[in-house]
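Structure first, then comments.
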Amino acid sequence: MANENGTWIMRGLAWDDPYRIRTWQELVNWINEVGFLPLFANEIPGFSVEEHVSLDFWWTGDMEQDPWEWREIIAADHTVAYGKFFDKKAGFISQEWLPYFVNFRRNGYDFDSAWEDGKVIRREKLIMDILTDTDADGDIVWTDKQILTTDLKKIAGFGKDGEKNFPGITTEPMMKLYLVTADFRRRKNKKGIEYVMAVSVLLPPEAVWGYEAVTSAYTEEPAQSWQRICNRVKEIFPQTEDAAIIRMIGKCPES
């Protein structure tokens with residue numbers, strides 16, 4: 001999705017294009033084949049969901065055809081990870097590639113050690129403290145706390161008279177792979193009628209796929225994981241310049 005002279009332009013395939021992705025299951029299969037994929041078009045041609053689906057059904061609410069609805073289904077399905085992973089914008093990462101993103105984005109730090117070494121800020125910790133527990137030894141315990149972000153915002157003390165910039169603060173832990181969007185739910189009013197807008201549920205990836213699976217790439221240097229990811233982009237999109245990859249994936253972590 002590009003802004004051209006103040007107008008948002010969507011890119012996509014014709015309805016009858018044989019290469020068009022037609023279902024959310026087909027999209028998951030392609031994400032697993034590619035490894036990781038932004039939701040919207042960017043400066044790397046072809047490197048997005050947007051460019052491989054129809055233009056006709058975005059934001060229609062059609063669960064069968066709307067890619068915006070697909071992201072809700074895919075997030076809850078947990079076959080792949082969904083969140084703001086690419087230049088602070090939404091996208092997907094397969095379970096195969098998730099550990100490499102975790103290793104390079106965290107630069108070898110679990111959240112508790114990142115906090116101790118000043119790698120994360122206090123407002124991020126306010127959120128993570130709610131979404132995790134600690135055992136008798138003070139170690140983090142990964143629990144599946146299903147808290148809507150509207151409620152998480154209040155519980156963590158964000159709002160008019162409290163902490164500021166909740167959307168921005170939750171984006172940072174997603175970019176660092178300390179959080180993923182694990183579900184979407186619709187709230188109900190007093191009459192039991194669902195609101196149209198779905199609300200996300202954030203969880204640490206360890207609570208979804210397990211600590212050992214998520215951190216399995218900790219055995220290699222973060223820079224090596226970063227290089228793997230960059231090489232994968234070049235493999236699929238060989239004409240891409242290094243600067244464009246870095247803008248989408250991130251800089252090589254410092255040793």
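The values are calculated or read from the model by the stated rules, or taken from the named source; none is laboratory data. Keep in mind that this is a model prediction, so the values were computed, not measured. Here the Cβ is made from the backbone with ideal geometry for all residues, glycine too, and neighbour counts use every protein chain on show. We work out accessible area using only protein heavy atoms, side chains counted, and drop any ligands, DNA or RNA first. Shrake-Rupley method; radii C 1.70, N 1.55, O 1.52, S 1.80 Å.
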I'd like the residue in the stretch 230-255 that is open to solvent by 60 Å² or more (accessible area, probe 1.4 Å) and either in contact with a Leu (Cβ under 9 Å, 6 or more places away or on another chain) or polar (S, T, N, Q) (or both) and, out of all such residues, is modelled with the highest pLDDT. 231
Looking at the stretch 186-199, which of the residues that are out of contact with any Lys or Arg (no Cβ under 6 Å at 6 or more places or on another chain) and either at pLDDT 95 or above or charged (D, E, K, R) (or both) is least open to solvent (accessible area, probe 1.4 Å)? 186
Please name all residue pairs, on different chains or six or more residues apart, with Cβ atoms under 8 Å, provided the first residue is in the stretch 14-27 and is in a loop (DSSP other than H, G, I, E, B) and the second residue is open to solvent by 60 Å² or more (accessible area, probe 1.4 Å). 15/56; 23/64
From the list 43, 72, which one is open to solvent by 50 Å² or more (accessible area, probe 1.4 Å) and either in contact with a helix residue (DSSP H, G or I) (Cβ under 6 Å, 6 or more places away or on another chain) or in a helix (DSSP H, G or I) (or both)? 43
Screening 110, 144, 151, 129 for residues that are farther than 30 Å from residue 41 by Cβ, in contact (Cβ under 8 Å) with a residue 40 or more places away in the chain, within 22 Å of the chain's Cα centre (by Cα) and open to solvent by 60 Å² or more (accessible area, probe 1.4 Å) leaves only 144
Of everything in the stretch 83-105, what is assigned to a helix (DSSP H, G or I) and polar (S, T, N, Q)? Give them in sequence order. 103
